[in-house]
Amino acid sequence: MATKELRVGMIGYGFMGRAHSNAYKQVGQFFPSQHKVVLKGACARNADTIKAFADQWGYESIETDWRKLLDRKDIDVVDICTPNNLHKEIAIAAAAAGKMILCEKPLAMNVAEGKEMVAAVEQAKVPNMVWYNYRRIPAVTLAKRLIEEGRLGKIFHYRAKFLQDWTINADLPQGGQGLWRLDVAAAGSGVSGDLLAHCIDTAIWLNGPMTSVSALTETFVKERKHNLTGKVEPVGIDDACIFMGKFANGSLANFESTRYARGHKALYTFEINGEKASLAWDLHDLHRLQMFDYKDEGKIRGWKSIHVTDNGGEHPYMDKWWVPGLAVGYDSSFTHQVADFITGLETGKPASPTFKDALETQALLDAILASAKSHQWVNVKA
């Protein structure tokens, strides 16, 4: 069925590089289209490391300079899987080179950089997308549909949390490969940009824009040895963040993220309370959506668990996978994102979140950090 190649150039090779590469290899098998994804080139500074990555995942070639990758005529789409501080430079150069762009989240280090990136892709008119994959987990997408159908009625509350525990050790260094998320120069922020960014994107998608926030952040370990300098240096990222806020629809927000919740590796949950019904979702049980519907008969009214695996068309994406009752996992959300991106190319209706969409999340992140610094409420301004 595929009649056109979509030749991918990957910049980066870490956790997200693997997740994205797996999606590129899977998408044609489960979501056939007019495009055939070809893993054309992989790029990183260390030749031996990127060669091993390319061999494992089936990339045809390697580069050690991302600029050379952008110069190549055999690359259609650039996938930016680098630390956050490199997103802007690479994205702007990729747009100038006429490449389609898929960029890891968050979009940029701040709104100012994000605006430059949005301007670049819009001027070049290149398709673009940011990897906020959680909205494409079938149960989360089903929540979106139920809200759009009006089943919750007026929304009163949206609460979310994303908890981890991997940085509790004070001896853990910062910076360099694998630990750049602890280095403010590379990451821009800590759990806010890393974990809360996902929660915020999903919240905006499900419940609309947020207008104001009041935040509190904490850095529990003030100094860590830096892997690149070998010196003990101040830690500039947030280890934990709690914020409350208000959505444009009048509902209230309550969010928490931390890397200091002992016993939690990736606990991401959200709950939405409306006048007619409530919804809840848990990443640890990602194929289930919990729902309380007040219209149910009183004697049997209560929370119910919706097993989002039906392949009859009512459960998002599941008609492409297995028979009812057999779940898909975290990795499938990336496959769904690639499939939606390709559908956008073929229909002319870009799939979200585009760079411009992701700028809204970036504005919230900036407002959260500004509020934590000033100890005041901050209005969200994109």
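The values are calculated or read from the model by the stated rules, or taken from the named source; none is laboratory data. Bear in mind the structure is a predicted one, so any value in this text is a computation, not a measurement. Counting neighbours? That spans all protein chains shown, and the Cβs are built from the backbone with ideal geometry, glycine included. For accessibility, only protein heavy atoms count, side chains too; no ligands or nucleic acids. Shrake-Rupley method; radii C 1.70, N 1.55, O 1.52, S 1.80 Å.
Could you please state how large a percent of the accessible area of region 138-269 is carbon and sulfur, counting protein chains only and using a 1.4 Å probe? Its accessible area is 54 percent carbon and sulfur atoms.
How much of the accessible area of region 1-126, probe 1.4 Å, is carbon plus sulfur, in whole percent?
48
Would you work out which of F31, T64, A19 lies farthest towards the positive end of the dipole of region 1-67, given +1 charges on the beta-carbon of Lys and Arg and -1 on that of Asp and Glu, about the Cα centre? The Cα lying farthest towards the positive end belongs to F31. Within region 170-278, the proportion of C-alpha pairs whose separation exceeds 20 Å stands at 47%. Comparing L70, L146, L163 in a Gaussian network model of the chain, where Cα atoms under 10 Å apart are tied by springs, the biggest mean-square fluctuation is seen for L146. Phi-derived couplings, Karplus 6.51 cos²θ - 1.76 cosθ + 1.60 at θ = phi - 60°, listed residue by residue for region 144-160: 4, 5, 5, 5, 5, 6, x, 5, 8, x, 5, 8, 9, 9, 9, 10, 8 Hz, with x used for Gly and Pro. Spatially, region 204-252 and region 1-78 are offset by 32 Å when compared through their Cα centroids. Within the assembled protein chains, the solvent-accessible surface assigned to F156 is about 90 Å², based on a 1.4 Å probe. Convex hull volume of the Cα atoms of the chain, normalised per residue: 146 Å³.
The accessible area of E256, taken with all protein chains in place and a 1.4 Å probe, comes to roughly 70 Å². Checking the Cα-Cα distances for K51/K373; K115/K304; K88/K161; K40/K222; K25/K88 against a 32 Å cut-off, the pairs over it are K51/K373; K115/K304; K40/K222.
Residue ranges 257-265, 360-368 sort as 360-368, 257-265 when ordered by packing (mean number of other C-beta atoms within 10 Å per residue, highest first). Estimated from helices alone, the mean residue ellipticity of the chain at 222 nm is -10000 deg cm²/dmol (sum of -39500 (n - 2.57) over DSSP H runs with n ≥ 4, per residue). Sorting F31, F334 by solvent-accessible area of protein heavy atoms yields F31, F334, largest first, with a 1.4 Å probe.
Computed with a 1.4 Å probe over protein heavy atoms only, the accessible surface of region 83-143 comes to 30 Å² per residue.
Taking all protein chains together, H307, H336 sort by accessible area into H307, H336, largest first [probe 1.4 Å].
Taking K299, K144, K231 in turn, the Gaussian network model of the chain (Cα-Cα springs below 10 Å) assigns the largest fluctuation to K299. Considered as an equivalent ellipsoid built on the Cα gyration tensor, region 48-167 has semi-axes of 33, 19, 16 Å, the largest given first.
Per-residue Karplus couplings for region 355-361, computed as 6.51 cos²θ - 1.76 cosθ + 1.60 with θ equal to phi - 60°, are listed in order as 3, 5, 4, 5, 5, 5, 5 Hz, Gly and Pro entered as x. Sequentially through region 7-16, phi angles give Karplus couplings (6.51, -1.76, 1.60; θ = phi - 60°) of 8, 9, x, 9, 10, x, 8, x, 3, 6 Hz, Gly and Pro residues having no value and appearing as x. Summarising the amide proton neighbourhood of G274: residues at separation of 5 or more, or on other chains, whose placed amide H is nearer than 5 Å comprise F156, L279.
Cross-link partners of K73 among aspartates and glutamates, defined as those whose alpha carbon lies under 20 angstrom from its own and excluding same-chain residues fewer than eight positions apart: E5, E60, E63, D65, E89. Within region 171-223, which chymotrypsin sites (Phe, Trp or Tyr not before Pro) sit in a loop by DSSP and count at most 10 neighbouring Cβ atoms inside 10 Å? Counting only loop positions with at most 10 other Cβ atoms within 10 Å, none of the chymotrypsin sites (Phe, Trp or Tyr not before Pro) in region 171-223 qualifies. The antiparallel fraction among DSSP beta bridges confined to the chain stands at about 60%. The magnitude of the dipole of region 1-130, with charges of +1 and -1 set on the Cβ of Lys/Arg and Asp/Glu and taken from the Cα centre, is near 200 debye.
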